[in-house]
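Please treat every number below as a calculation from the coordinates, not as lab data. These numbers were taken from a predicted model, which means no experiment stands behind them. Positions of Cβ are generated from backbone atoms using ideal geometry, with glycine treated the same way; all protein chains shown enter the neighbour counts.
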Amino acid sequence: MRYGKGLRKIIERGGILSLWKGNGTSVLHRFPFSAINFYVYENMLFLLHERQKEAKAAKAAAIASLKDDSRSDNIHDYENDPASAYIRMVSGAVAGCTACVACYPLDLIRTRLTTELPGKEHYKGIADAFTKIIQTEGPSGLYAGLGPTLFVAVPNFAISYTVYGSLKEYVLEDELFYNLRKVDVNGEESLGFRLS
């Protein structure tokens with residue numbers, strides 16, 4: 001079915017407002033989902049990165065003591081090492097999984113509200129859907145279909161955060177990008193660009 005034909009069919013079935021069906025639940029879902037996602041990612045990244053630095057420093061100290069070479073010029077400062085791609089990937093996967101599980105009931109309710117056909121509505125709104133799902137399916141009914149969602153979301157977030165973190169690290173270290181971020185209020189040229 002083509003886009004225009006599908007759009008017409010939606011409007012014919014439920015009117016123009018049916019184009020925004022489930023939008024309230026989407027808005028309610030997005031804020032806590034994003035907050036949980038970023039919070040868990042940053043905290044997992046910090047925790048795992050600290051452990052990685054401690055492990056590297058302990059390994060280096062053990063090797064240095066075996067060689068009896070404890071001079072300070074041979075000991076690497078691991079404090080400024082960037083997080084590895086593996087740590088970013090694990091942090092992204094944990095963050096995506098946590099956010100999905102925490103906010104899945106809203107995602108499920110949005111899907112059910114959106115897919116109802118006009119004239120055959122089972123739910124009157126978000127609160128009614130929440131109540132009816134718990135009454136008919138039990139509390140576990142709010143998590144029906146979570147498995148396939150996690151199957152898609154967890155690798156997605158793992159890859160996204162790995163790429164994001166790697167590109168961010170590259171951009172922050174690259175001299176060209178560093179100079180482009182400098183802003184001169186006098187409109188002076190830098191690297192061929194007029195800064196303002």
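Listing for the model above:
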item	result
Per-selection metrics, the stretch 42-170 (Cα): Rg and Dmax in Å	23.4, 81
Separation between Cα centres of the stretch 1-61 and the stretch 80-115, rounded to whole Å	7
Nearest-0.05 FRET efficiency for Lys168 and Ile11, computed from C-beta distance (R0 35 Å)	0.25
28 Å Cα-Cα reach of Lys21 towards lysines, excluding residues that sit fewer than 8 places from it in its own chain	Lys5, Lys9, Lys120, Lys124, Lys132
In nm, spacing of pseudo-spin labels at Ala35 and Ile63 (7 Å Cα→C-beta vector)	4.5
